[in-house]
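For reference, the structure is listed below as structure tokens.
The values are calculated or read from the model by the stated rules, or taken from the named source; none is laboratory data. Note that the coordinates shown come from a computational prediction; the quantities given were computed from them, not determined experimentally. Cβ: placed from backbone, ideal geometry, glycine included. Neighbour counts: every protein chain shown. Only protein heavy atoms, including side chains, enter the accessible area calculation; ligands, DNA and RNA are left aside. Shrake-Rupley method; radii C 1.70, N 1.55, O 1.52, S 1.80 Å.
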Amino acid sequence: MKFGDYLKHKRAQRGWTQPEAAARAKIEQSYLSKLENGKSIPSSDIYHRLVDAYGIDAQEMAGVLFPAELDRLREIDALRDLLLERSRADIQTPRRLLIAGLAALMIGGGFVGFSQVEPARILTQYTYQSSGVIAANAPANTEIPPGAPGEDEQTRFITQMRGPMFTEQVPGGKRVWNLVGSGVTVKAPPYRWALIPGMALIIGGLGCFFVAWRWR
């Protein structure tokens, strides 16, 4: 929006005619007409009269005027300080975004790297079965009749080959474990959970860089 259009808008909000607005601002109507048509720029004194008459908020006005219009008004003392402050903020905000983006990328990269410290492994899994508990001094090939007190069939999956058979001491006797099969299994990386926050931080960091670039 141009400064002249902004003045027209503020005047229309209050329902004033141009002569009424000029009288309230204590300026000539012809001069107000030039201001509204963009043919003149107010001096600091005239600007302060307009502010008092129209109730202009400099922050609000700076947010709606075109950058080129703000440049034309830089000679007004009250606006010069405001525009300098806005310029500093416009410089500092992208800088903060760049720093935040860089930090997010570094931390995210650390998480991704941590998730790969121990990669997935392909393991051979062996299946052992035990039909139940037998006496500690009984032969390993002792069969347990169906319904016997010690009958308690169990299956165990382990990644260490312990031969075709092994025994294990348990309360009440021992168990004989017989190898019944094997297969290949993939052990997932133990720290793969770190991949999710790592990727989220990397995406957030790239987003900060994009916003900083668009800010300019």
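Given the options Ala104, Ala120, Ala188, name the one that is closer than 30 Å to Arg88 by Cα and either of a type outside the set (Phe, Trp, Tyr) or open to solvent by 90 Å² or more (accessible area, probe 1.4 Å) (or both). Give the derivation first.
Values: Ala120 fails: closer than 30 Å to Arg88 by Cα; Ala188 fails: closer than 30 Å to Arg88 by Cα.
Step by step, each of Ala104, Ala120, Ala188 is checked, and only Ala104 is closer than 30 Å to Arg88 by Cα and either of a type outside the set (Phe, Trp, Tyr) or open to solvent by 90 Å² or more (accessible area, probe 1.4 Å) (or both).
Taking Leu201 as meeting all but one of (1) modelled with pLDDT of 90 or more; (2) open to solvent by 80 Å² or more (accessible area, probe 1.4 Å), write down the number of the exception.
Here Leu201 clears every test but (2).
Which condition does Pro171 not pass, out of (1) surrounded by 14 or more Cβ atoms within 10 Å (Cβ to Cβ); (2) under 29 Å from Tyr128 (Cα atoms), if it passes all the others?
So the condition that Pro171 fails would be (1).
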